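Have a look at the structure below before the remarks.
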Amino acid sequence: MNASIWTLVAQRILLGLLLIFLSSALIFAGTQLLPGDVAQAILGQSATPEALANLRAELGLNVPVYQRYVSWLVGLLHGDMGTSLTNGQDIATAIGRRLANTLFLAASAAIISVPLAIILGLVSVLYRNRWPDKLISAVTLASISVPEFMLSYILVFYFAVQLGWAPSVAMISPSMSVLERFQAITLPVIVLVMVVLAHMMRMTRAALLNVMQSAYIETAELNGLGRFKVIWRYAMPNAVAPIVNVVMLNMAYLVVGVVVVEVVFVYPGMGQYLVDHVAKRDVPVVQDCGIIFAAVYITLNMLADIFSILANPRLRHPR
Amino acid sequence: MRRTPLPTLIGLVVAAAFFLTALLAPLIAPYGMSEIVGDVWEPASAAHWLGTDNIGRDLLSRLIFGGRTTIFVALVATAVAFAVGAAFGLFAAVVGGWVDLLLSRFVDLVMSIPSLIFALVVLSVMPVTTPVLIMVIGLLESTRMYRLSRAVAVDLAVMDFVEAARLRGEGLRWVIVREILPNALSPLIAEMGMRFIFVVLFISTLSFLGIGIQPPNADWGGIVKENKDGIVYGIPAALLPAVAIAALAISVNLVADWILERTTSLKGGRNG
Amino acid sequence: MDEMLLEIEDLKIQATSYPPGERPQRITIVDGVSLRLEKGKVIGLIGESGAGKSTIGLSAMGYGRGGVKLVGGSIRLNGQELRRAPSRVLRGVRGSQVTYVAQSAAAGFNPSRKLIEQVIEATLEHGRMSRPEAIERAIDLFRRLDLPDSETFGQRYPHQVSGGQLQRAMTAMALCPKPDLVVFDEPTTALDVTTQLGVLSAIKRAIRDFEVAAIYITHDLAVVAQIADDIMVLRGGEMVEYGTCDQIINNPREQYTRDLVSATNGEDPEIHPEGEPVLTIRNVCARYRGLAEDVVKDINLEVPPGTTLAVVGESGSGKSTLARVITGLLPPHTGEVIFDGSTLSPALKGRSKQDLQELQMIYQMADVAMNPRQTVGTIIGRPLEFYFGHKGKERRLRVIELLDKIELGEEFIDRYPAELSGGQKQRVCIARALAASPKLIICDEVTSALDPLVAKGILKLLRDLQKREGVSYIFITHDIAAVREVADTIAVLYQGELVRYGGKAEVLAPPYDDYTELLLRSVPEMRIGWLEDTLSALEAHLPCQAPEGAAPEMSATD
C-alpha cells in the first residue's frame, strides 16, 4: 500500500460527495425550474387564485429559487427535511422508519442473491456452452424480460393465492418478531432476488470469461496445473475486482427495484412512500426521497470504484 | 442470402406480429377499447377469448389497444433517445476538448440518479400527459445512448482511416457522417433494440404505479394496475400483459443480439 | 546418436471456425507434418503467419489452443503418446517434461502474483524439487539470464519489470523444472531489435548450458539461424523443407525457402540526391500535452526531390512523433517545417488544400487505415473528387489507372477492404496516397505488419513508383533491412535525438557512434554464427551490454 493509491481513493470519495451535492441540485431543479407553475400543477387547472397564492406562500415560491435551494440543503444537512404538504407530518420521522424497512428488505435480498449469483456464474463458465450454461442463460434472459411488478404478481398468483404458501402482502409492524418479519417478506425477497440475480449472474459470467481467456490462464494450463488450481490461483485473484464491481452495481440496482416491489406488496418502505406522494404531488416529500435514493445509489457506485482501485495490482505495487 | 439462425427468425416473426397488431389494432380488436361488454371478470368464453376486466371490458381488446399505446410511446421515446443521444455523443467524440468534457460530465451526473427515481421526481410536478411522458423517458434514456455512441465514436475517431480523412482536409460533416456513422451504426441499432425493451418496461412500470398513461387509455402496465385486485380471488387477468411484455422483450432481444453478433467486427458486414 | 526425445509423425490438426451466420466449419490447419528431435537439440519452425508453426509447437505439449483439435498422426515424447492422452497424463507432462515460453510474456504472467511464485510454481506442482531448491534454482537462472538483482528480482510483480526482462523471466520459468524440451513461441518478436539481441543470446546460452532440447518458433529466418540445429520451413500448414540449419540457410532446395532467404538479404541501389529539397525540417522540438520532456529534440532534416529519407529508430525514439509534426497533427513548440519552398502552418487547421494534397501519408496497419464500409473505388476515388473534382466516369477511369499502377486489376474497384489480403490492402493505401498526386509521401512502418515476402513486394512497388512518378518518401521504420533497400539518406533517432544523419553509404559505414553500431549489429543476419560474432564484437567495442528497451514507457506514443 502506498500514498498514491490512497490519494486515488480520497479523490473518488470527494467525487462521490460532489455527485451527491450536484444531484441534489438537479433534483431540486427538476421540481422547481421546469416550465410551468408548480402550484398550478399541484392544484390543477380549476384552482382558485387564492388557493394558488396560499400554496405558493407555503412552498416558499415567492422567495428566489437559490434561496429556497440553500435553505432546503441546509435543512437536509441538519436532519430537517421539512413537513409534508398533504398531511403536515414531519418528513424526517416518516422516512426514518421506512428507510430501515427498505434496507431490511434490500439486505435480505442481497444476502441470498450475491453468493447464488457468483456460484451460478462460476458454474456457467465451467460448463460453458454446455447445457447448464444454456439453461442458466435462458432462465436469466426470461427474468430480465419481465418487469418486477409482473414477476411479483405471477408469484403472488401461484404461491400466495393458489398454493397459499406465503402471504400476498408484506405488512410488517414494530411489534412483529424477527421470524414473523422474514415470513412476511418472503415473496418480495424472492422477486428481488430473481431480478438482481439475472443481471448479476450474467455480468459475473462475462467478467470470469474475460479473465479465463487471458494468456496467463494458458500459461497455467501449459504448466500442468489442475483445473481447480487454475481457477483458484489465476482466475479468482484477477476476477475478484470485476465481480465485486458487478455486485455493487447490482446492489445499486436493487435499491431502485425495491420501489416497485414495495408498491406491489404494500410494504411500508421508502419506495411506497415516494410513489404515494408523487401521485399526491407532495413536492417536499418527493425531493427528500429522491435525494436519499440518489445518495444511496451514488455511494454504492463509489464503493464499487474504490474496491476496484484497491484490487488493482498495478496500483497496489507501483513500479 | 445466408442462413438466419432459427431463434432470430422466431424473434423477427414474433416482433413483427406485435408491431402489426399495434398498427392495425382498430381492425383486429373484436370490441372497442373502453366498451363495457360484459360482467366484471368474466372467464374466457367464445365471445371473450380472454374474458373481461375489472369493469366488464373485453380483455383481449384492451390488451391489443394497450399494446398499441405501449409500443407507440416506447417507439417515439426510443427515437427521441436515439436522436438526442447519438447526435450529442458523436459530436462530443469528434469535437473533443471542453465540449466533450462538459457534456460527458453532465450525462454522468444525470446517470448518477436512478432513472426511475428521477422520472418520479419530475413527474411529481409535470402534468402527466403522453407527450410529457415521451419526452421525460426519451431524454433520460438518451444519456445511455449518448454514452454508447460516444464510446464507439471515440474508438473510431482515433483510427487511422479517420486520421487519413482529417489529413486530407475533410470537414467535420464528412468525418461524422461518412467515416464514423456508417461504422457506428450497427452497435447503435442493436443498442436501440435493447433501449426499446427497456423503455417498454419503464413505461409499463410508470403506468402500473399510476404515473404513466392515464385512464381510460389502456396500456399494458395500466391493465395490470386495473386488474391486480383480482389476483387474490384467483383471477389471472393481471398476468396477461406480463406474457405480452415478456414475448415482445425476448423477441426484440433475440433480433438485437443477432445484429450485434453479426457486426461486432469491422468487416464491412461481409465475409472476412 | 542419442535417443529420440520427440517424434511427431504425420500430424494432422483441425480447427473449428465460426463464420457469423453460417454453420461452424472444420478447417485443416496442419497436415502431414513429421519431425524428430534428439535430446539437447534445437529445431526451428519457420513460416509466415498462418503457416501453423505455433500450432505444431503447442502440439508437442498435447495442447490445442481454442477449438483446435489434434485429429491425426502421433506425438511421442520420451516414448509416450500425447495425442488423445487423458488430461491427467498431459498435466503430468506439461510443466515438467515440456515447458512453454510465449510470445508475449507480459500477457502470460498472472498480474496479481509475484514473479518468483510463478517461476517455481510448476516445479513445485510436479514435485521436481523442494521449495528452497526451486528458489535457489530460479535465482541461479535469473543470474544466468542476465536479470538485474537476481536475488530480489522474483519479489517484483510482472508490471514492475520491462518487456525484455519478462521474456527472460518466462524463460527462467520454463527452465526451472529441468524439462527435457522447451517450446519457444516467437519469444523475441515483440521486442525491439537491440533488446532482442540480449534476450536471444541469453536464451541460447541457457539452452546450451542445460543441454535442453527446444522447439524454436519464429517468422525470422535470420533469428532461427543463430539458435537451431535443424530447421523446418512451413507454409499453409504443410512442410516445405526440412533439413539442417546449414543446409537450409546456405543451400536451400525449394524455391519458397530460397525466396525467404533472399527476402532477408537486401541489395543496394544508389541515387545521388540533387535539387532544392522538397521538405526541410528546421530545429523542430515537440512534446505531447502534459509531458514534461520533448519527444523529439531539435531535429534538422532535408528530403531532396525524388529521393527517400529513412528515419530509423526503435520504439520510443520519436520517429512516429516526427511524422505527426510534419503532417500537422502535433504542432511543434519550436522550429519550422518548410515544404516545397514555403513554411507550412504548424497546425493542420492552418494548411491550404494544396499543402494537404501534396503531402500524403501511408500507415502501418492497412486494415485500420481504410474505412471498412467503403469500397476500394470510394477509398481511392475520394481524394480525386476532393482535390481535383473528378466525378463519375472520369473518376472511375482514374481509379482504374491507379489500380493498374499498384498492380491490381479493375475487378478490385467494388471490393471492400475485408475482402483483400494484407499486401493488397497496403497497395490500396498506396494508391489512395498517389491519387492526390503528392510531392511527398510519409510511409509510417508500412511493411512491419506484413510477412517478409509480401513486404518485399511492397518495397519494390514503392521504388518503382518513385522512379516513374518522381515522388519523395519519408520512410519511417525500425527495420534496417528495409532501410538498406529503399533509402537514399538515413536519419537515426535515439530517444528523440538525431544521432546520425547522412547519405546511405555514409551512415551504414564505419566509423559509427555507439548507438548506431548497436542498432546495426543487432539486426540478425542470415549467417550461422552471427550471434556469437556480434556479441564478441560488441563487447570489444562498447562499454556496456545491450541496453534493455530504450524507453519502455514511451512505447505507447510510437
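The values are calculated or read from the model by the stated rules, or taken from the named source; none is laboratory data. It should be emphasised that the depicted structure is a prediction, and the values quoted were computed from it without experimental measurement. For neighbour counting, all protein chains shown are included, and Cβ atoms are generated from backbone atoms with ideal geometry for every residue, glycine included. Heads up: the accessible areas ignore ligands, DNA and RNA and are worked out on the full protein's heavy atoms, side chains in. Shrake-Rupley method; radii C 1.70, N 1.55, O 1.52, S 1.80 Å.
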Residues from segment C:32-79 losing no less than 50 square angstrom of accessible surface in the full protein assembly compared with the chain alone, 1.4 angstrom probe, ligands and nucleic acids excluded, are C:63
Under 15 Å by backbone N from the virtual spin label 7 Å along Cα-to-Cβ at residue A:6, the residues of segment A:301-316 are A:310, A:316
Too long for a 24 Å Cα-Cα cut-off, among C:297/C:439; C:319/C:349; C:405/C:456; A:280/B:225, are C:297/C:439
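Can you tell me the alpha carbon radius of gyration of segment C:4-261 divided by the globular rule-of-thumb value 2.2 N^0.38 Å? All intermediate terms of the calculation are to be shown ahead of the outcome.
Numbers: Rg = 18.2 Å, N = 258, 2.2 N^0.38 = 18.1 Å.
Scaled against compact globular proteins, the figure is 1.00.
Can you tell me the alpha carbon radius of gyration of segment A:49-208 divided by the globular rule-of-thumb value 2.2 N^0.38 Å?
Numbers: Rg = 22.6 Å, N = 160, 2.2 N^0.38 = 15.1 Å.
With N residues counted in segment A:49-208, Rg over 2.2 N^0.38 Å equals 1.49.
Give a quick list of trypsin sites (Lys or Arg not before Pro) in segment A:84-163 that DSSP marks as loop, anything other than H, G, I, E or B, with at most 10 other Cβ atoms within 10 Å. Write out the running numbers ahead of the final one.
Values: sites: A:97, A:98, A:128, A:130, A:134; in loops: A:128, A:130.
Here the sparse-neighbourhood loop sites are A:130.
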Within the protein assembly as shown, the percent of DSSP beta bridges that are antiparallel, given to the nearest 5, stands at 55
For chain C, averaging the sequence separation of alpha carbon pairs under 8 Å that lie six or more residues apart and dividing by its residue count, the contact order in percent is 16
Per residue of B:122-134, other chain Cβ atoms within 10 Å number on average 5
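Considering all projection directions equally, how large on average is the shadow of the alpha-carbon convex hull of segment C:1-144, in square nanometres? If you can, show how the numbers build up before the last one.
On the way: hull surface 45.9 nm².
Result: 11.5 nm².
Hey, what number do you get for chain C at 222 nm if only DSSP H runs of n ≥ 4 count, each worth -39500 (n - 2.57), divided across all residues, to the nearest 500? Let's see the in-between values first.
Values: 21 runs with 207 residues, N = 558.
One gets -11000 deg cm²/dmol as the mean residue ellipticity at 222 nm.
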Over the protein assembly as shown, with neighbouring protein chains present, the accessible area per residue in Å² at probe 1.4 Å is 42
For segment C:279-509 the mean separation of alpha carbon contacts under 8 Å (6+ apart) over residue count, i.e. relative contact order in percent, is 30
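What's the total accessible area buried between chains B and A, using a 1.4 Å probe, rounded to the nearest 100 Å²?
Values: alone 14310 and 17500 Å², together 28200 Å².
So the total buried area for this chain pair works out to about 3600 Å².
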Placing each pseudo-label 7 Å from Cα in the direction of the beta carbon, residue B:98 and residue A:77 end up separated by a distance in nanometres of 2.8
Over the Cα atoms of segment C:298-415 the radius of gyration and the largest Cα-Cα distance (Dmax), both in Å, equal 16.9, 48
Bounding extents of chain A in its principal axis frame from Cα atoms, largest first in Å, are 84, 59, 38
Of the accessible area of chain A, computed with a 1.4 Å probe and all protein chains kept, carbon and sulfur make up a percent value of 67
Using the Kirkwood formula on alpha carbons, the hydrodynamic radius of segment B:70-171 in angstrom works out to 14.9
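Kindly identify chain C as rounded, prolate or oblate by the Cα gyration tensor criterion: order the square roots of the eigenvalues as a ≥ b ≥ c, call it rounded if a/c is under 1.5, otherwise compare a/b with b/c, prolate if a/b is larger, else oblate. Write out the running numbers ahead of the final one.
Details: a/c = 2.03, a/b = 1.51, b/c = 1.34.
Taking the square roots of the gyration eigenvalues as a ≥ b ≥ c, chain C is prolate.
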Rounded to the angstrom and largest first, Cα extents along the principal axes for the protein assembly as shown equal 99, 73, 62
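Just to be sure I understand: if you take the accessible area of chain B alone plus chain C alone and subtract the pair, with a 1.4 Å probe, what total do you get in Å², rounded to 100?
Values: alone 14310 and 24600 Å², together 36340 Å².
Buried area between the two chains comes out at roughly 2600 Å².
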Here the residues of segment C:128-175 whose accessible area is at least 30 Å² smaller with all protein chains than in the chain alone (probe 1.4 Å) are C:157, C:159, C:160, C:173
Computed on Cα atoms only, the convex hull of segment B:113-266 has an orientation-averaged projected area in nm² of 11.8
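How big is the dipole moment of the protein assembly as shown about its Cα centre under a simple scheme where the beta carbon of each Lys and Arg is +1, that of each Asp and Glu is -1, and everything else is neutral? Debye, nearest 20, please.
Working: 101 positive and 111 negative charges, 476 e Å.
That gives the protein assembly as shown a dipole magnitude of about 2280 debye.
What's the carbon and sulfur percent of segment C:279-509's accessible surface, probe 1.4 angstrom, rounded to a whole number?
Working: 4080 of 8540 Å².
Percent of accessible area from carbon and sulfur atoms in segment C:279-509: 48.
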In deg cm²/dmol, rounded to the nearest 500, the helical mean residue ellipticity at 222 nm of chain A, built from -39500 (n - 2.57) for every DSSP H run of length 4 or more, is -24500 deg cm²/dmol
Between the modelled labels at residue C:464 and residue C:513 (7 Å from Cα along Cα→Cβ) the distance in nm is 3.8
For segment B:78-118 the residues that are at least 20 Å² less accessible with all protein chains than alone, 1.4 Å probe, are B:109, B:112, B:113, B:114, B:116, B:117, B:118
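Over all residues in A:156-165, what is the mean tally of Cβ atoms on other chains that come within 10 Å of each residue's Cβ?
Working: counts 5, 9, 2, 0, 2, 7, 2, 0, 0, 0.
Partner-chain Cβ atoms within 10 Å, mean over residues of A:156-165: 3.
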One would report the Cα pair-distance distribution of segment B:6-271, bin width 5 Å, in %, as 1, 6, 11, 14, 15, 14, 12, 9, 7, 5, 3, 2, 1, 0, 0
Computed from the beta carbon distance with a Förster radius of 25 Å, FRET efficiency for residue C:210 and residue C:7 to the nearest 0.05 stands at 0.70
Stretched fully, the stretch from residue C:391 through residue C:26 gains (0.36 nm per residue minus C-alpha distance, one decimal, in nm) 126.8 nm
Sorted by chain and number, the residues with a modelled amide H under 5 Å from that of residue C:475, at a separation of 5 or more or across chains, are C:309, C:310, C:311, C:443
About its Cα centre, segment B:1-98 carries a charge dipole, from +1 on Lys and Arg Cβ atoms and -1 on Asp and Glu Cβ atoms, whose size in debye to the nearest 20 is 560
Dipole check, segment A:3-316, charges on Cβ (K,R +1; D,E -1), about Cα centroid: among A:241, A:160, A:213 the Cα furthest to the positive pole belongs to A:213
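How large, in percent, is the carbon and sulfur part of the accessible surface of segment C:113-157 at a probe radius of 1.4 Å?
Details: 920 of 2090 Å².
About 44 percent, which is the carbon plus sulfur part of the accessible surface.
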With label points set 7 Å from each Cα along the Cα-to-Cβ direction at residue B:105 and residue C:143, the distance between them in nm comes to 5.7
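Report, in deg cm²/dmol and to the nearest 500, the calculated mean residue ellipticity at 222 nm for chain B, where each DSSP H run with n ≥ 4 adds -39500 (n - 2.57) and the sum is divided by the residue count. Present the calculation step by step, with values, prior to reporting the outcome.
Details: 10 runs with 180 residues, N = 272.
Taking each H run of at least 4 residues, the total per residue is -22500 deg cm²/dmol.
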Farthest towards the positive end of the dipole of chain C, among C:197, C:15, C:157 and with Cβ unit charges of +1 on Lys and Arg and -1 on Asp and Glu, lies the Cα of C:15
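Within 10 Å of each Cβ in A:266-275, how many Cβ atoms from other chains are there, averaged over the peptide? Numbers along the way, then the final one.
On the way: counts 0, 0, 0, 0, 0, 4, 1, 0, 6, 8.
Partner Cβ neighbours, averaged per residue: 2.
Mind listing which trypsin sites (Lys or Arg not before Pro) in segment C:275-366 are in a DSSP loop and have 11 or fewer other Cβ atoms within 10 Å? Provide the component values of the computation, followed by the final result.
On the way: sites: C:282, C:287, C:289, C:297, C:319, C:324, C:349, C:351, C:353; in loops: C:287, C:289, C:351.
Listed in order of number, the matching sites are C:289.
At a probe of 1.4 Å, how much accessible area disappears from chains A and C on forming the pair, both sides counted, to the nearest 100 Å²?
Numbers: alone 17500 and 24600 Å², together 39810 Å².
Protein heavy atoms only, the A-C interface buries about 2300 Å².
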Gyration tensor (Cα only) of segment C:279-509 to equivalent ellipsoid, semi-axes in Å sorted down, yields 29, 20, 16
